[in-house]
Amino acid sequence: MNTKRQHRLTFRATEEELTEIKKREKDSGAKNSQAYLLRAALQNGITKDEAESLVPVLEQIFDELKRVGTELKREGNNLNQIAAKLNGGGAADGVQQAIEENRATLKELSSVWQSLRQFQAAHL
């Protein structure tokens, strides 16, 4: 028995969770599971205060995702209108405007996606 570390901790994980833990352990360069899990818990653990501080940020993200979802629905409607005009042989002047609006929306969505990935990398 290790005299320095006298207490044993055990927990259960799904197959997917175990696979992810093992992958992260390997990627970390830790010498074994114990070293990796101790370092993760002691150095990178989330305290209650930290978890609570994430709530407003997560609420903002969800609000932004709702807004983006609404915008995507509008863009889908725009695309349907474009298709209807093209199929009916209508004027193409409205098509160019709709294309530009779609480009702007896609640029904005890309920015939101990048922000979410940065947040995930920093906080999760």
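What to note about this one:
- So ARG117, is it loosely packed, with under 13 Cβ neighbours inside 10 Å, modelled with pLDDT under 85 and among the basic types (Lys, Arg): yes
- Cβ-Cβ contacts under 7 Å between residues 6 or more apart (or on different chains), taken from a first residue in segment 14-25 that is free of Cβ contacts under 8 Å to residues at least 24 places away in the same chain to a second residue that is in a helix (DSSP H, G or I) and surrounded by 11 or more Cβ atoms within 10 Å (Cβ to Cβ), are listed as GLU25/SER33; GLU25/TYR36.
- When LYS31, LYS23 are screened for being at pLDDT 75 or above, part of a helix (DSSP H, G or I) and not small (Gly, Ala, Ser), only LYS23 passes.
Let's see how each residue does on (1) more than 25 Å from ARG117 (Cβ to Cβ); (2) out of contact with any helix residue (DSSP H, G or I) (no Cβ under 9 Å at 6 or more places or on another chain); (3) at pLDDT below 85:
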| residue | (1), (2), (3) |
| --- | --- |
| LYS4 | yes, yes, no |
| ARG8 | yes, yes, no |
| VAL57 | no, no, yes |
| LYS66 | no, yes, yes |
| LYS85 | yes, no, yes |
| GLN96 | yes, yes, yes |
| LEU106 | no, no, yes |
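The values are calculated or read from the model by the stated rules, or taken from the named source; none is laboratory data. Given the structure is predicted, the values throughout are model-derived calculations rather than measurements. Neighbour counts are summed over all protein chains in view; Cβ atoms, including those assigned to glycine, are modelled from backbone coordinates with ideal geometry.
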